[in-house]
Every structure is written in C-alpha cells, then in structure tokens.
Amino acid sequence: MIFNNLMKTNTYNPSPLEIEFANLLEDLTDEMNMRLKNRKIEATEIQLDQDNPTFRMDISDLDGDKHTMVIKIIQRPDQE
C-alpha cells in the first residue's frame, strides 16, 4: 500500500512527528493559559535539536511562586 510507505518514520532523533508535536504545544500556550486555574504560563521554550525534543514552561501561581514544567516528547518506533 503506497499510503503506508509514505507514513513510515525513517528517523527518530528527532522524528518529524516529535518536532511537529513540540511546535503544536507551543502554539497552544494561550489556550493552556485560559484553562489553568490560578496559574499563568510566563514563558515557554522548545528545544527541537535533541534526540527527544522538550517543551518547557515557566509558570507562576497566585502566591508568586515560580514553577517549571518540562515535557519530553518521545515517539516510540513503529510497531509492525
């Protein structure tokens, strides 16, 4: 099937899907801010050149405390 060949992941370090997903998370920052209760995302950073890209958020709460959340994006190899 030709479609399956087009969807095969040939590289995982990082994979195109990992990169796309990291960019998507950054694009959704405003929406995440609207859904967070009593917290605000102050800054974000994505690192796309790593084996597994990361998405980092600096978050403040009502007390003024600063928190850092890090999401590491890992695509497992395709299962046949």
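The values are calculated or read from the model by the stated rules, or taken from the named source; none is laboratory data. None of the values given here were measured: they were computed from a predicted structure. For neighbour counting, all protein chains shown are included, and Cβ atoms are generated from backbone atoms with ideal geometry for every residue, glycine included.
Quick rundown of the values:
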read-out	value
The stretch 49-60, subset at pLDDT below 95 and surrounded by 13 or more Cβ atoms within 10 Å (Cβ to Cβ), residue nearest to Leu24 (Cα to Cα)	Asn52
Which numbered condition Lys37 fails, given (1) surrounded by 10 or more Cβ atoms within 10 Å (Cβ to Cβ); (2) more than 10 Å from the chain's Cα centre (by Cα); (3) not in a helix (DSSP H, G or I)	(1)
Hits in the stretch 64-80 (condition: modelled with pLDDT under 95 and over 17 Å from the mean Cα position of the chain (by Cα))	Gly64, Pro77, Asp78, Gln79, Glu80
Unmet requirement for Phe21, which otherwise passes all of (1) in contact (Cβ under 8 Å) with a residue 40 or more places away in the chain; (2) in a loop (DSSP other than H, G, I, E, B)	(2)
